[in-house]
Amino acid sequence: MQFNYGDTKLIFYGVGIDGDIRGVFYFEEYKILKPENEIVIDIGASIGDSAIYFALNRAKHVIALEPYLSTFNLAVQNIKVNNLYQNTIAEIIIIFININCYYNFRRLG
């Protein structure tokens, strides 16, 4: 999927699989958060749509966590294809958190 967000042309892979492009970019559901110069933690990063939104809206750092390998790989691909990997706009750190780690942690308690 390709579209313009302001003056920026964006490309996303995996839109039919996961993510909420309409909610994030067209309806700007996160606009109320005002991420400029903030550190944003995106838990459940999916295909990276929210992380990219926060970066484009001048978050200082975006830490994105995703528990599913397939959507994690799509998020990495989307961050790279939109030139937000090692970019000066905002630093996006995407971390794969294996869902099995969560279940193992819960069993300990």
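The values are calculated or read from the model by the stated rules, or taken from the named source; none is laboratory data. Worth saying up front: this structure is predicted, and the values here are computed from it rather than measured. Cβ placement follows ideal geometry from the backbone for every residue including glycine, while neighbour counts extend to all protein chains displayed.
Before moving on, here are some points about what is shown:
- Residue in segment 54-66 that is of a type in the set (Phe, Trp, Tyr) and in contact with a Pro (Cβ under 6 Å, 6 or more places away or on another chain) present: yes
- Any hit, segment 18-28, residues being assigned to a strand (DSSP E or B) and farther than 15 Å from residue 83 by Cα: no
- Residue 59 being of a type outside the set (D, E, K, R), over 21 Å from residue 2 (Cα atoms) and not in a strand (DSSP E or B): yes
- Scope segment 77-92; condition among the hydrophobic types (A, V, I, L, M, F, W, C), out of contact with any helix residue (DSSP H, G or I) (no Cβ under 9 Å at 6 or more places or on another chain) and at pLDDT below 90; matching residues: none
- Checking residue 31 against (1) modelled with pLDDT under 95; (2) under 14 Å from the mean Cα position of the chain (by Cα); (3) not β-branched (Val, Ile, Thr), the condition it does not meet: (2)
- Of all residues in segment 44-64 being more than 9 Å from the chain's Cα centre (by Cα) and exposed (fewer than 15 other Cβ atoms within 10 Å of the Cβ), the one that is nearest to residue 9 (Cα to Cα): 58
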